[in-house]
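The values are calculated or read from the model by the stated rules, or taken from the named source; none is laboratory data. What you see is a predicted model, and the numbers here were worked out from it, not measured in a lab. Every residue, glycine as well, gets a Cβ built from its backbone with ideal geometry; the counts of neighbours run over all protein chains shown.
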Amino acid sequence: MGGMCGIVSLDHTPIDPNLLTGMIEVMRYRGVDGVFSHFTPTTAFAHFAHHTTPTAYKTPQPLVDTASGLILMIDGRLSDREALISRLRPTEGWSDPSPSDADLILRAYLKWGHDCPQHLVGDYAFILWDARAGEMLCVRAPFGIRALHYCHKRHFFAFATDAAPLLGLPWVSREPDLLAVLKGLTATQTEDDDTGFFKDIHWLPRGHTLHLSKKGSHHAAFWAPELSPLIRYREADQYGEHLRHLLTTIIAEGVQSAQPTMGIMISGGMDSTTIAALAKPALEANGHKLIAYNYFKQAPPTYDERPLVRLLMAEMSLETRFIEIEPYFLSLAQMAELTFAEMPSTTIMRLPTESIEHLHKSGGQVMLAGYGGDYFFAGPSLPPHLYQLLRGDLGVLGRFLRASGRRPESLPKQFLGAFVKPLLEVGLRGRKAHATLPVWIRSGSSLYSAFEAHWRARWKASRQFSPLRSLLNAVWQRSGMRDSLLLIERLYADQGLELRLPLMDQRLARFILGIPPDQLYSFGERKTVLRRAVKGLVPEAIRTHKKVPAPDYFQPWAQRMSRQCLPLFSPSRLDQMGVVDDALIRDALKHYAEAAEPGGYFYLHWLCGAELWMRKWVKGEPLVNLPG
């Protein structure tokens with residue numbers, strides 16, 4: 001992993017070397033194994049090395065291929081390498097049986113040209129400069145957490161893993177894109193939206209390529225979830241067997257490591273437990289070790305998952321460390337420190353130093369996590385059986401009655417859970433909530449009108465009672481929310497660690513989108529196919545455990561934070577720029593501080609983070625005298 005940045009002059013105007021030096025200094029934290037650059041009068045590239053895979057050290061980057069005139073850099077890693085190597089093997093001059101990912105991408109480009117991304121699998125972003133043709137190709141994987149920001153202005157094209165290095169260039173403005181900020185605050189950005197939070201800085205969407213030449217630039221999707229082939233089996237268990245084989249392959253590839261130890265964040269739920277159960281033997285086969293870290297907060301026994309984790313420890317002989325997260329919740333001053341240029345948001349807690357230090361001392365530089373499992377395996381928000389009933393399939397009722405006899409709950413209770421509750425939550429309350437714009441947005445401006453049109457369009461699209469559409473939204477859009485997974489990746493990179501999410505894999509997405517929706521959600525039981533797949537793999541108590549909604553762990557912290565944030569909105573830069581109404585936000589903060597409402601801290605936290613971002617990165621104000 002690591003990172004990359006660079007500048008290309010499209011009209012041969014010389015590039016000031018100091019510009020690349022400035023970009024490097026901002027991102028130096030990503031170069032755990034060094035920073036390497038390549039400079040010509042009209043191009044400047046820098047690669048931040050972090051050798052976490054067995055082949056990463058083989059090809060120094062930037063990779064300069066003098067024979068073809070190509071320069072390539074990759075941030076990330078490829079999966080399904082053996083299949084790719086077998087397709088490239090006939091290439092003349094092949095010698096290394098296990099080439100680096102950079103070398104594989106170069107050879108893929110030489111063979112397939114701009115179609116090469118269609119043959120790649122993994123979590124990556126890469127750039128390829130063709131000096132002879134004067135063309136640039138930028139690519140970002142369909143899934144994963146490797147970002148690529150860019151600015152194409154005047155005759156210069158600049159790019160970087162982070163947005164902050166671009167802000168130091170003289171032709172890049174700090175003027176914010178206020179419509180994008182509002183979309184971010186309301187979590188209504190779509191994954192194919194390339195708009196950044198600064199007007200001059202864009203972001204390459206997942207599964208897209210950006211082609212740049214003297215004639216201009218354009219980006220296009222090279223992977224679409226709608227094209228997933230249908231998968232149909234006669235027996236339900238066959239779906240589980242298929243998934244088990246797929247997960248075994250994906251996770252074995254995902255734990256390829258250059259270090260002797262790997263960590264995993266484990267909760268006691270099925271997603272992280274499945275990864276641990278498959279990752280441990282795969283690592284041990286190579287003489288490596290897996291260490292689990294469970295972050296917990298004191299809670300009533302009903303919500304405490306530590307007993308499940310201890311059960312996993314006993315059955316798998318898995319070394320596990322339990323870490324109380326309460327000390328790691330942030331003050332406002334600490335939140336300001338962890339507000340990054342890439343997003344108008346911030347985090348609520350820092351990474352527990354106990355786990356970071358322990359993993360480093362154990363020789364590890366990679367942390368696994370189960371993010372993405374809830375998006376993939378939980379199924380659409382509207383249960384398939386309810387969708388079928390609304391479309392007139394009365395046979396659903398017969399199937400429900402047959403299934404109800406195998407469950408301990410009473411028939412009325414099962415009916416409420418399978419039909420009435422989902423309809424109320426998704427069909428009524430969800431629609432009402434999405435039909436009304438947040439009251440704290442300042443009205444009466446062109447910005448408000450533009451956002452209202454965007455909001456209505458999003459709400460209209462979400463009204464379709466389609467399991468596939470709902471699942472596409474979960475897998476393709478929600479998994480790409482910029483202020484969640486990318487923020488977590490940044491926090492780990494700051495600590496010299498690479499975050500890997502094995503479940504964020506396009507092969508897994510293709511499987512999930514190809515199977516019948518009732519394999520994901522069947523009469524109140526979510527993750528149906530995953531439960532079948534892990535039978536005999538994880539402890540039965542975990543496989544059959546029905547997750548109980550946990551209490552609002554963040555409420556005490558959020559109430560304290562509401563009081564600390566009040567001065568930010570007296571007045572706020574967001575209000576001064578016509579985005580929000582300070583008076584309404586202050587009222588909401590005071591109300592929450594006195595009587596917290598479940599989940600209410602989300603909007604308040606995002607608003608406080610956006611205000612810190614506006615002051616720090618747009619206005620360039622020193623954030624001093626903040627509480628904490």
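Scanning the range 266-292 for residues that are among the hydrophobic types (A, V, I, L, M, F, W, C), touching a residue at least 24 places away in the same chain (Cβ under 8 Å) and more than 14 Å from residue 319 (Cβ to Cβ) returns 270, 275, 277, 278, 282. Condition test on residue 518, is it among the acidic types (Asp, Glu), at pLDDT below 90 and assigned to a loop (DSSP other than H, G, I, E, B)? Here the answer is no, as residue 518 does not meet what is asked.
Could you go through the range 324-341 and let me know if any residue there is surrounded by fewer than 18 Cβ atoms within 10 Å (Cβ to Cβ) and in contact with a Phe, Trp or Tyr (Cβ under 6 Å, 6 or more places away or on another chain). Yes, the conditions are met somewhere in the range 324-341. When residue 248 is tested against (1) in contact (Cβ under 8 Å) with a residue 60 or more places away in the chain; (2) part of a helix (DSSP H, G or I), only condition (1) is not met.
The condition (being closer than 25 Å to residue 76 by Cα and not basic (Lys, Arg)) is satisfied by just one residue among 11, 16, 33: 33.
Determine whether the range 211-223 contains at least one residue that is without any contact (Cβ under 8 Å) to a residue 40 or more places away in the chain, surrounded by fewer than 19 Cβ atoms within 10 Å (Cβ to Cβ) and touching a helix residue (DSSP H, G or I) at 6+ places or on another chain (Cβ under 9 Å). No, the range 211-223 contains no residue that is without any contact (Cβ under 8 Å) to a residue 40 or more places away in the chain, surrounded by fewer than 19 Cβ atoms within 10 Å (Cβ to Cβ) and touching a helix residue (DSSP H, G or I) at 6+ places or on another chain (Cβ under 9 Å). The number of residues in the range 404-451 being closer than 30 Å to residue 607 by Cβ, of a type in the set (D, E, K, R) and either at pLDDT below 70 or in a helix (DSSP H, G or I) (or both) comes to 4. Annotation note: of 258, 279, 314, 285, the sole residue that is farther than 26 Å from residue 627 by Cα, crowded, with 19+ Cβ neighbours inside 10 Å and not acidic (Asp, Glu) is 279. In summary, strands (runs of 3 or more DSSP E) completely within the range 1-74 and bearing 1 or more residues that are buried (at least 20 other Cβ atoms within 10 Å of the Cβ) occur at 2-9, 43-49, 63-65.
Within the range 163-182, is there a residue that is within 17 Å of the chain's Cα centre (by Cα) and among the acidic types (Asp, Glu)?
No, the conditions are met nowhere in the range 163-182.
For the condition of a type outside the set (D, E, K, R) and at pLDDT 95 or above, residue 159 qualifies.
Of all residues in the range 139-195, those being over 19 Å from residue 614 (Cα atoms), not in a loop (DSSP other than H, G, I, E, B) and not hydrophobic (A, V, I, L, M, F, W, C) number 4.
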